[in-house]
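Chemist: This is the structure, below, for whatever I ask next.
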Amino acid sequence: MANMTIRGSQLTVTWHVDDLKMSHKDPFEVTRLCAYLNDIYPGLVVHRGKVHDYLGMTLDLSKKGKLEVSMIPYLIGVLRNFPEELGAATASPASEHLFQVRPDNERDVLPEEQAQAFHHTVAQLLFMSTRARRDIQTAVSFLTSRVKSPDQDDWFKLRRCLKYLKGTIGLKLTLSVDDMSVIKWWADASYAVHDDCKGHTGYMMSLGEGAVTSASRKHKLNVKSSTESEIVGADDTLPQALWTRYFIEAQGYAIDKMILYQDNKSAILLETNGKFSSSKRTKHIKTRFFFIKDKIASGELEVQHCPTKIMWADVLTKPLQGKAFYEMRAKLMGCPVYWEDDFAWDTEIAQIDKDKTVPSWGVLSYKDMVKTTSPQECVEDSTN
């Protein structure tokens, strides 16, 4: 990402290989940059408007103050390429026994071809879960740990996740911003939920509606209590939280405070007071909460208690069901609690089949873009 101040406003360019996304308060400045790039790379293809296809995502800015992120054509491709019929949709991406694993002598390991299909599909879901479908991150986090030697149980768990996605194809991640000066994080951990008694961390960050970033991951070490598990969860969250703060500040925004919400008061005391709240029971993990304490003392982070019922990261630590799942998903995805899918399968699938590609909106050639959005002088001045 690169920034430059032009006529008092920031021009931002984000790129991935040869795909660029540009923004400026004045559309003419974007046009002028496109003209400059077209001199270097003739035949530039430009997409302008409120809806864009970018790196497999559809970015929709049609609603004022909101960004909707979806990957519907990508998801349809995943469902179509799965080698089995899925059947009826499910209400959640994982059942309560998601983390349970059979002993080695009881496992029914998948044949090589099926195991490859498992690995391929899980990799596709991983790509999607970190971008537009954060609601499947817990299930995908577990499935990624099973790709080396999946068994029939893992296959059924993958099918369950796909059946949930089949019933929620139209679900979009909706993001909005209330206050750029306050960053809010929710971090939670489940104690000893895996078969090797390791815990699981979940965290999310929001600036208003929906999670801008989130993660669900297994702990890398065993701990002796739920308090220690929460500290490990906070430590897992902190690098991403600090990087995000520094990134937002580098984009020109002043951050007044960054709040980390947790639902364990003992963990908060250890993180805030360090050795003064420590004892022989927690001395062995002091390096973790002392790092958090340093950031709290420097003013970069503020830790506050959050009741468990509104700990929105809880859905990223365990496979919730029913109302609890819907409520947590609503905060994670920025959607209504009881969201209903209005995806018109027959109509929209037929359109995608007809086009054979993901539909694009506002596609202009370089010449059309210059002619319709700016005076011809911008071409002559592009090298300046």
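The values are calculated or read from the model by the stated rules, or taken from the named source; none is laboratory data. Everything numeric in this text was worked out from a predicted model, so none of it was measured. Note: ideal-geometry Cβ built from the backbone for every residue, glycine included; neighbour counts use all protein chains shown. All accessible areas refer to the heavy atoms of the entire protein, side chains included, with ligands and DNA or RNA removed. Shrake-Rupley method; radii C 1.70, N 1.55, O 1.52, S 1.80 Å.
Chemist: If you wrap a convex hull around the C-alpha atoms of the range 1-77 and split its volume per residue, what is the figure in Å³? Kindly include the intermediate steps, with their values, before the conclusion.
Modeler: Details: hull volume 8.9 nm³, N = 77.
Taking the convex hull of the Cα positions in the range 1-77, it is 116 Å³ per residue.
Chemist: Sorted by packing (mean other beta-carbon atoms within 10 Å per residue), highest first, where do 130-140, 105-115, 176-186 land? Let's see the in-between values first.
Modeler: Numbers: 130-140: 23.6, 105-115: 11.8, 176-186: 17.0.
Highest to lowest by the protection proxy: 130-140, 176-186, 105-115.
Chemist: As an exercise, use a Förster radius of 30 Å and the Cβ-Cβ distance of Ala91 and Ser181 to find the FRET efficiency, rounded to the nearest 0.05. Don't jump to the answer; show the numbers that get you there.
Modeler: Numbers: r = 38 Å, r/R0 = 1.27.
About 0.20, to the nearest 0.05.
Chemist: What are the equivalent ellipsoid semi-axes of the range 60-199, built from the alpha-carbon gyration tensor (square roots of five times its eigenvalues), in whole angstrom, biggest first? Write out the running numbers ahead of the final one.
Modeler: On the way: eigenvalues 180, 85, 27 Å².
In descending order, the three semi-axes are 30, 21, 12 Å.
Chemist: Provide the per residue accessible area, probe 1.4 Å, for the chain, rounded to a whole number of square angstrom. Write down the numbers at each step before the final one.
Modeler: Working: 19980 Å² over 384 residues.
Result: 52 Å² per residue.
Chemist: Compute, for the chain, the length of the dipole vector about the Cα centre, with Cβ point charges of +1 (Lys, Arg) and -1 (Asp, Glu) only. Units Debye, rounded to 20.
Modeler: Values: 49 positive and 50 negative charges, 242 e Å.
Value, rounded to 20: 1160 debye.
Chemist: Of all accessible surface on the chain at a 1.4 Å probe, what whole percent is carbon and sulfur? Before the final figure, lay out each step's value.
Modeler: Details: 10520 of 19980 Å².
For the chain, the apolar C and S fraction of the accessible surface comes to 53 percent.
Chemist: If you build a Gaussian network model of the chain, linking Cα atoms that sit under 10 Å apart, which residue out of Met57, Met258, Met22 swings the most?
Modeler: Largest GNM mean-square fluctuation: Met22.
Chemist: If one computes the Cα centroid of the range 1-28 and of the range 47-65, what distance in Å separates the two points?
Modeler: Each part reduced to its Cα centre gives a spacing of 16 Å.
Chemist: Please compute the contact order of the chain in relative form: average sequence separation of alpha-carbon pairs under 8 Å and at least six residues apart, divided by the residue count, as a percent.
Modeler: Values: 624 pairs, mean separation 80.9, N = 384.
Relative contact order of the chain: 21 percent.
Chemist: Suppose each label sits 7 Å from its Cα in the direction of the beta carbon; what would the Ala297-Thr144 distance come out to in nanometres?
Modeler: Simple spin-label model gives 3.4 nm for this pair.
Chemist: Counting just the Cα atoms, what span does the chain cover along each of its three principal axes? Round to the nearest Å and put the largest first.
Modeler: Sorted largest first, the three principal extents are 73, 55, 36 Å.
Chemist: Skipping prolines and chain starts, which residues have an amide H placed within reach, meaning under 5 Å, of the one on Gln10, given they are 5 or more residues away or on another chain?
Modeler: For Gln10, whose amide H was placed from the backbone, the distant partners under 5 Å are Lys25.
Chemist: How much of the DSSP beta bridge set in the chain is antiparallel, as a percent to the nearest 5?
Modeler: Working: 39 of 48 bridges.
Percent antiparallel among DSSP bridges in the chain is about 80.
Chemist: Additional query: Can you run phi through the Karplus equation (6.51, -1.76, 1.60; θ = phi - 60°) for the range 176-189 and list ³J(HN,Hα) in whole Hz, with x for Gly and Pro?
Modeler: Rounded to whole hertz, the list is 8, 10, 8, 7, 6, 8, 10, 9, 10, 10, 10, 10, 9, 8.
Chemist: Which residue, Ala215, Ala89, Val46, has the largest displacement toward the positive end of the dipole of the chain when charges sit on each Cβ (Lys, Arg +1; Asp, Glu -1)?
Modeler: Of the listed residues, the answer is Ala215.
Chemist: Report, by chain and number, residues whose modeled amide H sits under 5 Å from the one on Tyr261, excluding near sequence neighbours (fewer than 5 apart, same chain).
Modeler: Trp185, Trp186, Ala187, Gln304
Chemist: Here is a follow-up. In nm, to one decimal, how far is the Leu79 label point from the Val45 one, both placed 7 Å along Cα→Cβ?
Modeler: 2.6
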